[in-house]
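Quick notes on the structure that follows.
The values are calculated or read from the model by the stated rules, or taken from the named source; none is laboratory data. Given the structure is predicted, the values throughout are model-derived calculations rather than measurements. FYI the Cβ positions are ideal-geometry reconstructions off the backbone, even for glycines, and counts take in every protein chain you see.
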């Protein structure tokens, strides 16, 4: 929590300004049709013909059974038409398998890359008596202590119990800049597979064997124990219901036809059934789910379950930490505000001197501002000087030089100090401090001995483009709440500048948890990010809890997603990916069902053509012949699966807009489009079949 | 379960008494008190204007070609492409033409009730010449009779204009003095 | 012209009733109307009921099923024993067991399929005390189920969905009885028969005709038959019989009455869930489909009867008069029949069998839509809500959120129940039609040959499964085979939908609502009405398309051939 004025959070937060959602790291971006994946998927799609695999997907299982039926018919009464139908029905199943295999293949490729990292390393286990022994990383138990020095791979997940080190986490996050990890506090977690670049640390292993972060990640991207999400289950039920109802629709045509004196070909009946049941969405459903998780991985977010991704799409309230999400991590000195008749230059000079030893970004920004304003060079300090470092107790830092005692710090702290030095607070100080706070900035008071010189305004810089992102969220019906440790005045100012809907100032972990509970009681789903151990309860309570990878193990355990980039702005992307996942499912289901109309018009006339040629009037597409009509419909039905694989893997294009606009757009494209497209393509396929003299 | 059974029986008895006996009895009471003729089917010594009869032409105006058996109401239920309907209509067309009547829609088709008491004004006018000849009346007299018996649609638009064949024939009989 | 004015009057009358009857029904089911307390209290006391104690969906459903079972037994017993009971002036005697079974199931399930001629089968006591009683109660049961489902949406975190007994008693006495009494008087004044006297024997001395004219307590049954979307008339000719439906005005009131509750319930729904616009979205879908179907059927009928034309009457002013009554004319007969088939009423004022092929298809497909446009009393609302749930699910996915309807999340369990309820009808119709055309006993049924014969079987089983009860006629239904299979269809079509609907009501009532936001899929828009229409068409019409191709479509397309 950025409620302390001058500490530097250091490390990972500094990288937060980088633009979100650039795929990198484990999630090496791959072209949609990577040759290797294509090849593997082709093989896998044949392997998946196993009925035991097919049985899990009721829609495609029906197609497979239908294929067997037409195959037997083709053997009994060989003919070009029957065989053509059989082949295309089989292709329909294979195409469905292919879609799933493609989605899985992309995950497998990533898993392989991760596995290579998990190569068996040796670890230096620290024994109770202080001696070390060499063990295989795989043999480490939870609670063991290991020593890692520069150049070592950290053998497993753990927490630093002693020491500080810079660590290269690029293997997991793709971020090449090393990060600092140290014992105690919120930056103590290390991940197995990352590399120590400098110093020596002692790490207590916190993961059971085989349950390290890396192991879980591999399982996740492979989709090894992928469970159907609630929404996917609901949709599967609907698709099964549609399949169940179309089954008797087709089966009873045999007795109906018999009554009417029409002989109905079994092959045509099977073709009709396959065309009517929702094969398009049935074939692509699991691919959509896998690809959705994959898209998250692409953005370096690991979701512990698909359920969490879906919940992200349902989120109605986003709790966002101010620092790093809404504002750049660091406050910048923007103004010198002298008090009690001192001039600005005097203040700037003192401020610069007081900050010389302050290596925090805030401190450096004061030095830079003074340099820019008054061209102060960094001076060679006289021999007689002593830096006064920041301490949580004094809440000040400064410099003693040439008998001057320069101090800068929180207003209350400096006032106390001045009083102790025998000075008094100038009358206009409080009003300036309040004005600065009200503007959303942080006031630092500068004093030279017993004299207060003025105030440095440290401005919180709101990230560029963040306001637009919040507007998008609002259009989607999502309420954004800024969480900050700042006082209410400062918080209100930044909240209005950033355009969030609400804020929680002077936030404590308890207040945060209470806010989440309250939102949930209203029936809202809440998403938040967090990194510290004290965030863990809130992360666990939130419906979507995104833990920063740089955070503590406790936080990562409590959340249901981990952001490897530790970029809290990612939460917005996660919400969009969740929505996109549902939209893709809904759109393709609608498309699939709307397709039925055209297929009916192609197949019904053909069904009873022998008895009632008059039914040809129903064939509005004027297809070449009854058999070419049926075959064209079946071919369309199979090819549309292949054609839609890229859409299923990439997801329907998501634009932030209100539900009503989104619906209208998608109904037009996938509903009306789904009605029209098959008419066009079935006709084209029929023309093609005729042109190549298939008939 | 037992409670449900008890309640089912109690409710059934209450509903039987109130809905099955009291309600229709109340309505019979109101009907017999205020609308005696209507409630009893407007029966006269010639029949009921509600129920069509078989009139053998051409002395009488003919109604629709129904069975006119009120104890077995209902349409003949021939399908629109049924040979039976084709034959039935054809027979009817021939019969009408033999009597010098131009076959009109209503005079050829069976009704919905099988006892339709009415014909459209056009159906009556189509018979005017034949009826006039058979009864030794002038076509003008018959036309005037028809005109005076046209009942307009309710409020001018609910339903269609019609002529009750029984009442028309009663008037015809009065005119010819056979009643 | 007269059709235009009729439609204007109908729409105006329905609009007014929609608003006022709709809000009155909401008040009745929310317990805000009390004026018949003196009648209610003793009933509850006798039945051992505490009217404030509500039931879980399981108890609600058990009460409903047990009551319906008892009701079937009561009707069955009464018509089996009618010979020994009073008010049988024509001495018809007992009704056969198979027919009694079919008839009892038929009236308890709000179907009113009649494999008998009323005028030659049923005593007055059977008509009034067995059949017409169920015309009240089966409507009340349907409405109660609809209200239970609406409560599922309007309540949050509630374990109960109302009290079945209180719901049916209140619906019957506060809603149905007052309207029935008022309209019975109008019907009697118009000439509908209402007497305890037996058939009138007349001998017309002018043309020598002897007739026995059936009478009875007809008007009182006629009104509740329409109002409760039942459809079972006292006489075989049903709404075409002059004793039931004597004038153009009663004809108009008939289709007004049968449409009024199903339409008005959408207002009740909107009112109870706190947004009339939600009700408007549903009624818009209903009106759109109804309008299209009426327009189509009306157009088909206006083109005249092909057989009559072939026999020499090419000029058919108004259209196909075969099987229609002169006093109603073609257009208003069609309006009656379309309204009757799309409300699960199933009364007819003409012969549906003699409609032109695609005109008949208009009536048949009106039922195949699932009886939701506007459907039966209560059943129309609860069935269209199932379709709405499926539409919400598809549409909701397309806006990227777990779909929700009226604040309730639609998840696996809701989809399962909605799909179950929505798919029962096509499944049962298709399978039993398949059985019927395969067995000699089934094939013996139809009167007509060729595609029309097939349509007659399909129509009969569609009508019974949809609890419509209109007959395409032309099917000898009073056989052991059709009595039994029809009874099974009616039971499945009623209870295999009601049970999932009640389960849905229970599941939804227990849920906590999700607050709506800009990301919520709006269900009170024309777009949503359009989606609901799409789902209805796909589940209703598309599943039957192949069967229709073999029936009315081919019959229409075959030129110059008679079967």
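List of remarks:
Let's see how each residue does on (1) within 7 Å of chain C (Cβ to nearest Cβ); (2) under 14 Å from the mean Cα position of the chain (by Cα); (3) surrounded by fewer than 19 Cβ atoms within 10 Å (Cβ to Cβ):
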site	(1), (2), (3)
B:55	yes, yes, no
B:79	yes, no, no
B:87	no, no, yes
B:98	no, no, yes
B:108	yes, no, no
B:111	yes, yes, no
B:120	yes, yes, no
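- The range C:165-186 - residue that is at the interface with chain B (Cβ under 9 Å from one of its Cβ atoms) and either within 19 Å of residue C:41 (Cβ to Cβ) or more than 21 Å from the chain's Cα centre (by Cα) (or both) and, of those, surrounded by the fewest Cβ atoms within 10 Å (Cβ to Cβ): C:185
- Filtered by the rule that a residue be at the interface with another protein chain (Cβ under 7 Å from one of its Cβ atoms) and on the phi > 0 side of the Ramachandran plot, the range C:386-430 gives a lone residue, C:400.
- Count of the range C:37-50 residues which are surrounded by fewer than 17 Cβ atoms within 10 Å (Cβ to Cβ) and either in contact (Cβ under 8 Å) with a residue 60 or more places away in the chain or assigned to a helix (DSSP H, G or I) (or both): 7
- Odd one out for residue B:137, checked against (1) more than 7 Å from chain C (Cβ to nearest Cβ); (2) buried (at least 16 other Cβ atoms within 10 Å of the Cβ); (3) out of contact with any strand residue (DSSP E or B) (no Cβ under 6 Å at 6 or more places or on another chain); (4) not in a loop (DSSP other than H, G, I, E, B): (4)
- Helices (runs of 4 or more DSSP H) contained in the range C:304-373 and holding at least 2 residues within 7 Å of chain B (Cβ to nearest Cβ): C:306-310, C:329-341
- Here residue A:93 meets the list (1) without any contact (Cβ under 8 Å) to a residue 40 or more places away in the chain; (2) under 30 Å from residue A:650 (Cα atoms) almost entirely, failing just condition (1).
- Residues that are closer than 17 Å to residue A:88 by Cα and in a loop (DSSP other than H, G, I, E, B) within the range A:49-63 comprise just one, A:49.
- Residue C:103 vs. criteria at pLDDT 95 or above, more than 14 Å from chain B (Cβ to nearest Cβ) and not in a helix (DSSP H, G or I): no
- Considering A:328, A:318, the condition of being over 30 Å from residue A:597 (Cβ atoms), within 15 Å of the chain's Cα centre (by Cα) and not in a helix (DSSP H, G or I) is satisfied by A:318 alone.
- Complete set of residues in the range C:443-452 that are crowded, with 23+ Cβ neighbours inside 10 Å and more than 8 Å from every other protein chain (Cβ to nearest Cβ): C:446
- Failed condition for residue B:62, given (1) part of a loop (DSSP other than H, G, I, E, B); (2) within 7 Å of chain C (Cβ to nearest Cβ); (3) in contact with a helix residue (DSSP H, G or I) (Cβ under 8 Å, 6 or more places away or on another chain): (2)
- Enumeration of residues in the range C:7-36 that are within 14 Å of another protein chain (Cβ to nearest Cβ) and assigned to a loop (DSSP other than H, G, I, E, B): C:36
- At least 2 residues being within 14 Å of another protein chain (Cβ to nearest Cβ) and crowded, with 24+ Cβ neighbours inside 10 Å is the threshold, and among the helices (runs of 4 or more DSSP H) wholly inside the range A:526-628 those reaching it are A:570-607.
- The single condition among (1) touching a residue at least 24 places away in the same chain (Cβ under 8 Å); (2) under 31 Å from the mean Cα position of the chain (by Cα) that residue A:116 does not satisfy is (1).
- The single condition from (1) crowded, with 17+ Cβ neighbours inside 10 Å; (2) outside any helix (DSSP H, G or I); (3) within 13 Å of chain B (Cβ to nearest Cβ); (4) without any contact (Cβ under 8 Å) to a residue 60 or more places away in the chain that residue C:95 fails is (3).
- From C:252, C:256, C:269, C:263, residue being assigned to a helix (DSSP H, G or I), closer than 17 Å to residue C:19 by Cβ, under 21 Å from the mean Cα position of the chain (by Cα) and within 14 Å of chain B (Cβ to nearest Cβ): C:256
- Index of the failed condition, residue C:209 passing every other in (1) touching a strand residue (DSSP E or B) at 6+ places or on another chain (Cβ under 8 Å); (2) facing chain B (nearest Cβ under 9 Å); (3) crowded, with 21+ Cβ neighbours inside 10 Å: (3)
- Residues in the range B:65-77 that are under 14 Å from the mean Cα position of the chain (by Cα), at the interface with chain C (Cβ under 7 Å from one of its Cβ atoms) and part of a loop (DSSP other than H, G, I, E, B): B:73, B:74, B:75.
- The selection criterion, being assigned to a loop (DSSP other than H, G, I, E, B), buried (at least 22 other Cβ atoms within 10 Å of the Cβ) and touching a helix residue (DSSP H, G or I) at 6+ places or on another chain (Cβ under 7 Å), holds for residue C:110.
- When residues in the range A:284-315 are screened for being part of a loop (DSSP other than H, G, I, E, B) and away from every other protein chain (no Cβ under 14 Å), 4 of them pass.
- Across the range C:410-429, the number of residues qualifying as crowded, with 23+ Cβ neighbours inside 10 Å, in contact (Cβ under 8 Å) with a residue 40 or more places away in the chain and closer than 25 Å to residue C:274 by Cβ comes to 4.
- Count of residues meeting criterion [farther than 12 Å from residue C:200 by Cα and either facing another protein chain (nearest Cβ under 7 Å) or touching a residue at least 12 places away in the same chain (Cβ under 8 Å) (or both)] in the range B:33-49: 4
- The single condition among (1) on the phi < 0 side of the Ramachandran plot; (2) more than 19 Å from the chain's Cα centre (by Cα) that residue A:543 does not meet is (2).
Yes/no matrix, rows are residues, columns are (1) in contact (Cβ under 8 Å) with a residue 60 or more places away in the chain; (2) more than 8 Å from chain A (Cβ to nearest Cβ); (3) in a loop (DSSP other than H, G, I, E, B):
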{"residue": "C:505", "(1), (2), (3)": "yes, yes, no"}
{"residue": "C:508", "(1), (2), (3)": "yes, yes, no"}
{"residue": "C:513", "(1), (2), (3)": "yes, no, yes"}
{"residue": "C:534", "(1), (2), (3)": "yes, no, no"}
{"residue": "C:537", "(1), (2), (3)": "yes, yes, no"}
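- Residue check for residue C:562: at the interface with another protein chain (Cβ under 7 Å from one of its Cβ atoms), at pLDDT below 90, more than 26 Å from the chain's Cα centre (by Cα) and buried (at least 21 other Cβ atoms within 10 Å of the Cβ): no
- Residue in the range A:93-102 that is more than 25 Å from residue A:215 (Cβ to Cβ), over 30 Å from the mean Cα position of the chain (by Cα) and assigned to a helix (DSSP H, G or I) present: yes
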